[in-house]
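What follows is a set of notes on a single structure, which appears directly below.
The values are calculated or read from the model by the stated rules, or taken from the named source; none is laboratory data. Keep in mind the model is a prediction, meaning the values are calculated, not measured. Ideal geometry is used to build each Cβ from the backbone, glycine not excepted, and the neighbour counts take in all protein chains shown.
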Amino acid sequence: MSLTGACYRSIRLALVAWMTLVLLAAFSFGGLLLNVPRIPILEHTARNLYFHVPMWFTMMALTAMAAWQSFRCLKTGDLECDMRARAAVHVAILFGVLGLLTGSYWAHYTWYEGTDIWWNFDPKQTMAAVQVLIYGAYFALRNSLDEPEKRARISAVYNVFAFVTVPFLLYVLPRQMESLHPGAEGNPAFSEITHPVMRLVFYPAIAGFIGVAWLLYRQRVRTYRLEAAADRRGSEALIGHMH
Amino acid sequence: MRRWLSAAWALLQKDLQLELRSRYVVNVLLVFVLSALLVVALAAGGDALDARIQAGLLWIVILFAAALGLGRSFVAEEERGTVLLLRLNATGTTVYAGKLVLSFVSVLVVNSVLLGAFLVLFSVEVARPGLLMVTIALGTLGLAGATTLLAAIIARTARRGPLLPMLLFPLLCPLLLSAVSATHLSLSGVPLGTWRAAADSLLAMAGFTGVVISASVLLFDYVWHD
């Protein structure tokens, strides 16, 4: 993936415009164009759908990307793939934390309205927190490996290994347990309870957040490249100095 | 296939012999699980615990024991300086298979003792002993399967100390949750078909174990060779 600066900047500009429209649509009140259906307790908090759910879609996309880059790294031994996997995991953790925050904040005023609860051990919520921890451990593992090639290979193995266990966390177990999330045991699935008007904002929001994640990911990759180049120059200068 | 089996068997025999000579891992783990159980019993202060809490405590002790004992298998090879010879003489998958069976057997031995002590200390009544045994065996296999690859990973790192629990605990959450709910069912039982009620959890455990072991077999070579 080699993008010229101009191409990258125009994609960024398009994304900014896109996200501005999404945000405007998400908060358009008073029946201007996209009002949300008013359901008791939920009321306007239903708009959290545009933020909370895309966070998870984005995190899934990023972890899939990270696993793919790690897989490529194992096949080719290319350090560039390792950088990309690292950047993807980094941004994935950010979106995971945002997903947890938006979910827990929203649930405090809806599911647990009238109580003092911020965090209840809802299976899906807990599993998502576990997934963030799994990817946090990825960075701890990286820190305990010094040699770049070895670090790339070993952390790629861990990343692929972690990715194959994620479906159990997010899809198998939460469906076997009682949960307040849609699609859990006895609850209607997302598609049955979401009003068509909300989908007009929801799907563009998913695309927009994935785009934002892509921008952040590119930024991180470029930073890592510069850091690696600076390291190389530094060690060359050091060797030159010693001669 | 025949040669592969005999190579894996030879590696397992070597490790079993070393373990039988020193009994290091099994002894450490036995002392650990028994003292952990005593601490739990003291903390409960003689109160009768709910079956769900009992199941949870049992699996927490098992998980900590595994994180403590199983990290040794590859680190020991590095410390003895035998890892290079092993790398030259054996293929990755045979090493993995040998270590996996060794981990499984040693944790199974420890878990059987733990289970006996647990049943006596907490005076637990088991509604479905067969289900309990199947759950423990399946859970142990999943535990050994995930831990073997991670143990090989941490043997390659510089700072090994607290790394294994940190990598292991979040990854094992799915297995642990299913194991706890199956154990809970086996302790308390349900009027109509305990086995059928536990089928979901057992299937999830079997699926997790299968996925983890297949992924480990495919990935092991990348950890094992330089």
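A few points about this structure:
- Lone qualifier among A:Tyr112, A:Tyr105 - being among the hydroxyl-bearing types (Ser, Thr, Tyr) and in a loop (DSSP other than H, G, I, E, B): A:Tyr112
- Check on A:Gly77, more than 26 Å from B:Thr147 (Cβ to Cβ) and either within 14 Å of another protein chain (Cβ to nearest Cβ) or surrounded by fewer than 20 Cβ atoms within 10 Å (Cβ to Cβ) (or both): yes
- Selection of region A:154-167 for residues being within 18 Å of the chain's Cα centre (by Cα) and surrounded by 19 or more Cβ atoms within 10 Å (Cβ to Cβ) yields A:Asn159, A:Val160, A:Ala162, A:Phe163, A:Thr165, A:Val166.
- Long-range neighbours under 7 Å by Cβ, at least six apart or interchain, first residue modelled with pLDDT under 85 within region A:105-131, second surrounded by 20 or more Cβ atoms within 10 Å (Cβ to Cβ) and not in a helix (DSSP H, G or I): A:Asp122/A:Ser179; A:Pro123/A:Ser179; A:Lys124/A:Ser179
- Sub-7 Å Cβ pairs linking a first residue in region A:221-243 that is under 30 Å from A:Met65 (Cβ atoms) to a second residue that is modelled with pLDDT of 90 or more, at least 6 apart or interchain, are A:Val221/A:Met83; A:Val221/A:Arg84; A:Val221/A:Ala87; A:Tyr224/A:Met83; A:Tyr224/A:Arg86; A:Tyr224/A:Ala87; A:Arg225/A:Met83, ordered by first then second residue.
- Among (1) within 12 Å of chain A (Cβ to nearest Cβ); (2) under 25 Å from B:Val83 (Cβ atoms); (3) assigned to a helix (DSSP H, G or I) - the single one B:Ala158 does not satisfy: (3)
- Subset tally (residues that are assigned to a helix (DSSP H, G or I), of a type in the set (Ser, Thr, Tyr) and at pLDDT below 85) for region A:17-49: 1
- Matching entry among B:Ser214, B:Ser123, B:Ser201, B:Ser188 (being surrounded by fewer than 22 Cβ atoms within 10 Å (Cβ to Cβ), hydroxyl-bearing (Ser, Thr, Tyr) and within 14 Å of chain A (Cβ to nearest Cβ)): B:Ser214
- Condition check for A:Leu101: in contact (Cβ under 8 Å) with a residue 40 or more places away in the chain, more than 11 Å from every other protein chain (Cβ to nearest Cβ) and either surrounded by fewer than 22 Cβ atoms within 10 Å (Cβ to Cβ) or in contact with a Leu (Cβ under 9 Å, 6 or more places away or on another chain) (or both): no
- Helices (runs of 4 or more DSSP H) enclosed by region B:1-89 - at least 2 residues per element that are of a type in the set (Ser, Thr, Tyr): B:2-22, B:24-44
- Residue check, B:Thr183 at pLDDT 85 or above and under 18 Å from the mean Cα position of the chain (by Cα): yes
- A:Ser70 part of a helix (DSSP H, G or I), away from chain B (no Cβ under 14 Å) and either surrounded by 16 or more Cβ atoms within 10 Å (Cβ to Cβ) or not aromatic (Phe, Trp, Tyr) (or both): no
- Flag for B:Leu164 being without any contact (Cβ under 8 Å) to a residue 60 or more places away in the chain, part of a helix (DSSP H, G or I) and within 14 Å of chain A (Cβ to nearest Cβ): no
- Some residue of region A:115-124 being closer than 25 Å to B:Arg159 by Cβ and either out of contact with any Cys (no Cβ under 9 Å at 6 or more places or on another chain) or of a type outside the set (Gly, Ala, Ser) (or both): no
- Total residues in region A:104-140, condition of a type in the set (A, V, I, L, M, F, W, C), under 20 Å from the mean Cα position of the chain (by Cα) and within 14 Å of chain B (Cβ to nearest Cβ): 10
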